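Notes to accompany the following structure.
Throughout, read-outs are computed from the coordinates displayed, never taken from laboratory work. Model, not experiment: these values are computed from the prediction. Neighbour counts run over all protein chains shown; Cβ positions are idealised from the backbone, glycine included.
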Amino acid sequence: MHKTYATKSSEVQPVWFVVDASGLTLGRLATRIAVVLRGKHKPMYSPSLDTGDFVVVVNAEKIVVTGARLDQKKYYRHSLYLGGLKEITLRRLLETHPERALETAVRGMLPKTPLGRQMMQKLKIYCGGEHPHAAQQPTALPA
């Protein structure tokens, strides 16, 4: 008789990865990061547990966007006041807060549940080439 293996949260050992975003496409990078945050790259993946790893992204300001998305893609937010709808283009967002563009792309690929919010806390994005997580000894994210 075979028994089904169920992953336990005590067995999960998260690993730290670092990604240099220079010259990488926004959507393709976000997809790779979302897979690692969810833990789908591991054989012990379980959809109901946070089996993912930590991801540190450096050089977020050097992300590449293809096509006409820089001016066509818009992000919206509302202040909850009348007439409080704000819109910003991707070009302007990358000029002012490039880490928010990647964060929004990754957040859209994760579950919209408390588990997804927990996975999102394991994503660290920095604009420069330096990060304060050297003590965790992050390794390069495999392709």
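General remarks:
- Nearest-ten-degree value, helix 26-38 long axis tilted from longest Cα axis of the chain: 30 degrees
- The range 18-40 and the range 82-123 have their alpha-carbon centroids 14 Å apart.
- Likely footprinting exposure, Lys62, Lys124, Lys40, fewest C-beta neighbours within 10 Å first: Lys40, Lys62, Lys124
- P(r) tail fraction, the range 41-136 - alpha-carbon pairs more than 18 Å apart, %: 59 percent
- Axis angle, to the nearest 10 degrees, between helix 98-107 and the longest C-alpha principal axis of the chain: 50 degrees.
- Model label points for Leu85 and Arg100, set 7 angstrom from Cα along the Cα-to-Cβ axis, are 1.8 nm apart.
- Across Lys42/Lys112; Lys40/Lys73; Lys3/Lys124; Lys62/Lys122; Lys73/Lys122; Lys40/Lys86, pairs whose alpha-carbon gap is larger than 31 Å: Lys3/Lys124; Lys40/Lys86
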